[in-house]
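Worksheet: the structure to be examined is printed underneath.
The values are calculated or read from the model by the stated rules, or taken from the named source; none is laboratory data. A quick note: this is a predicted structure, and the numbers were derived from the prediction, not measured. Because the Cβ atoms are built from the backbone with ideal geometry, glycine has one as well, and the counts that use them run over all protein chains shown.
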Amino acid sequence: MAFRDVLLTLTSYPEPTPVSVVEDAVAIAAALGAHIAGLSCEIHVQLPGHFISGSMVGLPGIIAGEAAKSRRNAKDLIAAFDTASEKLGVSRESILQKCKSFEVPDLLVEYARLRDLTIVPVPESYDQWYAEAVIFGSGRPTLVLPQTPRSRPFELGIVAVAWDFSRAAARAIADAIPILEKAREARIVTVTNEKVLDSKHSSEELAKNLSRHGIDVVLDKVDAAGRTIGEVLKAHTASCKADILVMGAYGHSKFREFFLGGATKSLLSKPPLPILFSH
């Protein structure tokens, strides 16, 4: 299997996805040899009627102004996406939708379920509701991108894989095979002295499996030394200059409240590098 059909979600409100992140996402699609669809939503903010007619003078005008801002941002993002795709010669599709703010997560999930992979930029300035919805609702792998500027152009060089012998980790690796096959090197990262691991199914056995896919594998065992798994993975991916981290997503949702595992929450709230989450 290969990733042939990729979705990129573009946020128009309250702040637009940076153009540099759009360019990174298109570069990832180019590295995968995939078609990419850019989805941008024009947001219409809705408030209860009694609130609008209350004492706050000028509120309807403020809401209309925010909607206009979202409309401009959405159109500008699609234009930037088209430009980046054309520059790299990537097959593309541009999708511009109109929806209410509370409808966005469901809309993204609907589109994500019909794609091989969804790329979701994760902002630092507000919560990661959209990313969480796609990760836990789409049934497909999700690649989250940090919105901090990169120091170098994206390339599929080193991919780090968080391995703890769990079902979620196994699912993530299976979903990431198309990326691992194109990477220069895969580094299997096992964090020791943090929790009890099933040593009967070791990272050495995983390396054998991946090598049969033609993947060059390096085994890394890192002592937690009192740190959380999230802290260990952030430090280790930085030290080995990883381009992508692959890991299973732990958590579930209930009535729009997401209950995340510790490492998932830590890395999703401020991803230090592109992370492929699988649930």
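Restrict the check to the stretch 147-169 and report whether at least one residue is hydrophobic (A, V, I, L, M, F, W, C), surrounded by fewer than 14 Cβ atoms within 10 Å (Cβ to Cβ) and either in contact (Cβ under 8 Å) with a residue 40 or more places away in the chain or at negative phi (or both). For the stretch 147-169, residues hydrophobic (A, V, I, L, M, F, W, C), surrounded by fewer than 14 Cβ atoms within 10 Å (Cβ to Cβ) and either in contact (Cβ under 8 Å) with a residue 40 or more places away in the chain or at negative phi (or both): absent.
For residue 119, the criteria (1) touching a residue at least 12 places away in the same chain (Cβ under 8 Å); (2) of a type outside the set (Gly, Ala, Ser); (3) surrounded by fewer than 19 Cβ atoms within 10 Å (Cβ to Cβ) hold in every case but one, which is (3). Put simply, of 132, 93, 103 the only residue that is among the acidic types (Asp, Glu) and out of contact with any strand residue (DSSP E or B) (no Cβ under 6 Å at 6 or more places or on another chain) is 103. Can you pull out the helices (runs of 4 or more DSSP H) entirely within the stretch 21-139 that have at least 2 residues that are within 30 Å of residue 265 (Cα to Cα), of a type in the set (Phe, Trp, Tyr) and at pLDDT below 95? Result: 129-137.
When residue 172 is tested against (1) small (Gly, Ala, Ser); (2) closer than 17 Å to residue 234 by Cα; (3) outside any strand (DSSP E or B); (4) touching a Ser or Thr at 6+ places or on another chain (Cβ under 7 Å), just one condition goes unmet, and that condition is (2). Looking only at the stretch 236-272, filter to residues that are under 11 Å from the mean Cα position of the chain (by Cα) and at pLDDT 95 or above; which one of those is surrounded by the fewest Cβ atoms within 10 Å (Cβ to Cβ)? By that ranking, first place goes to 244.
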